[in-house]
Amino acid sequence: MSALTYSSRATTHPTEVGRNLLSIIAEKQTNLCVSLDLADTEKILSLLDTLGPLICCAKTHVDILPFSGPDAISAFTDRLAALAKQHNFLIFEDRKFADIGSTVKAQYGGGVYKIAQWSHITNAHSVPGPGIIAGLKEVAQEVGQPRGLLMLGEMSSKGNLGGGEYLQKTLEMARGDKEFVMGFIAQCAIPPQDGEDWIVMTPGVNLGSKGDGLGQQYNTPDLVVREKGCDVIIVGRGIIGAADPKATAEEYRKAGWEAYEKRIAA
Ligand code: 6AU
């Protein structure tokens with residue numbers, strides 16, 4: 001796990017998106033990524049306008065949203081981009097790509113969502129092998145804006161096949177492109193070799209629940225950040241399902257930040 005501060009890592013991280021994310025975290029003192037798993041664009045945008053100052057990143061599942069057509073999609077992603085700029089956070093489309101390089105290339109750059117145009121970060125499974133990273137990278141380069149990839153190394157859900165040897169093999173794959181792969185979705189820190197710095201973003205975080213009855217498993221910000229050494233907490237229903245999302249997001253921000261401060265001080 002990294003004993004280094006976010007701000008020192010912000011100057012040395014091997015990926016541009018990683019440096020941007022770490023700078024935002026350090027500047028706004030928040031390692032909170034809110035997960036907006038909602039089927040209502042207006043609700044997402046108004047929540048983000050409220051939560052913007054408290055988060056480093058906003059995570060979307062764009063394929064949950066019922067758009068009337070391509071114009072509605074671009075209107076939404078334009079407004080999302082404007083909010084990200086206004087409040088200084090990154091956008092993470094949680095697409096979990098999982099196909100051969102040629103197919104993910106078409107999915108990332110094209111279709112109705114054109115994810116690479118508006119999402120700073122996306123994620124991918126390692127099951128298909130390194131071609132998935134190469135395919136996504138080609139699109140990222142064509143876009144000409146900083147784009148980063150997180151590899152799924154271990155999921156939060158019960159019975160998932162990640163972790164252990166799977167995570168190790170995913171790490172070896174990530175080492176093949178350290179300028180594009182910025183880190184992992186995982187439940188623990190990834191020990192770096194020389195010059196490496198993997199940003200670990202961790203879902204399955206909730207202060208008031210242990211799970212959801214469909215396999216999701218929750219831990220606290222303190223456990224994942226202080227004890228396990230993860231860098232960013234991803235919180236969905238813990239915040240968006242709360243009666244007062246703003247006050248609740250502030251609780252998570254504070255818990256995540258205090259856990260980080262304790263880790264650095266240890
Ligand atoms: O806090 P929740 O349980 O409401 O939402 C968790 C969010 C969901 C999942 O699709 C996502 O995090 N997620 C992921 C990601 C981010 O890749 C991986 C994983 O292992 N578990 C998980 O819940 O949007």
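Check which residues have an amide H placed less than 5 Å from ILE91's amide H, if you skip close sequence neighbours.
ALA58, HIS120, ILE121
Straight distance only, please: which lysines reach the Cα of LYS169 with their own Cα at less than 16 Å, same-chain residues fewer than 8 apart left out?
By straight Cα distance, LYS169 reaches LYS178.
Do any of LYS59/LYS96; LYS28/LYS254; LYS43/LYS105; LYS59/LYS254 go past 22 Å between their Cα atoms, and which?
Where the Cα-Cα span goes over 22 Å, the pairs concerned are LYS43/LYS105.
Find the percent of Cα-Cα distances in the chain that exceed 35 Å, and round it to a whole number.
Distances greater than 35 Å cover 8 percent of the Cα pairs.
Please arrange ARG263, ARG79 by how many other C-beta atoms lie within 10 Å of their C-beta, fewest to most.
Listed from fewest to most nearby Cβ atoms, that is ARG79, ARG263.
Can you find, among VAL112, MET151, ILE133, the residue farthest towards the positive end of the dipole of the chain? Put +1 on the C-beta of Lys and Arg, -1 on that of Asp and Glu.
Towards the positive end, the residue furthest out is MET151.
Taking a cut-off of 19 Å between Cα atoms, list the aspartates and glutamates near LYS246, but don't count ones fewer than 8 places away on the same chain.
Partners found: ASP37, ASP40, GLU42, ASP49, GLU258.
So for each of 253-259, 94-100 I average, over its residues, the number of other beta carbons within 10 Å; can you give me the resulting order with the highest mean first?
Highest to lowest by the protection proxy: 253-259, 94-100.
As a test of the formula, what do you get for the chain when each DSSP H run with n ≥ 4 contributes -39,500 (n - 2.57) and the sum is divided by the residue count, at 222 nm and rounded to the nearest 500 deg cm²/dmol?
After summing the helix terms and dividing by residue count, I get -12500 deg cm²/dmol.
Coordinate-derived values only; no laboratory data. Remember, predicted model here, so these are calculated numbers, not experimental data. Note that each Cβ is placed from the backbone with ideal geometry, even for glycine, and that neighbours are counted across all protein chains shown.
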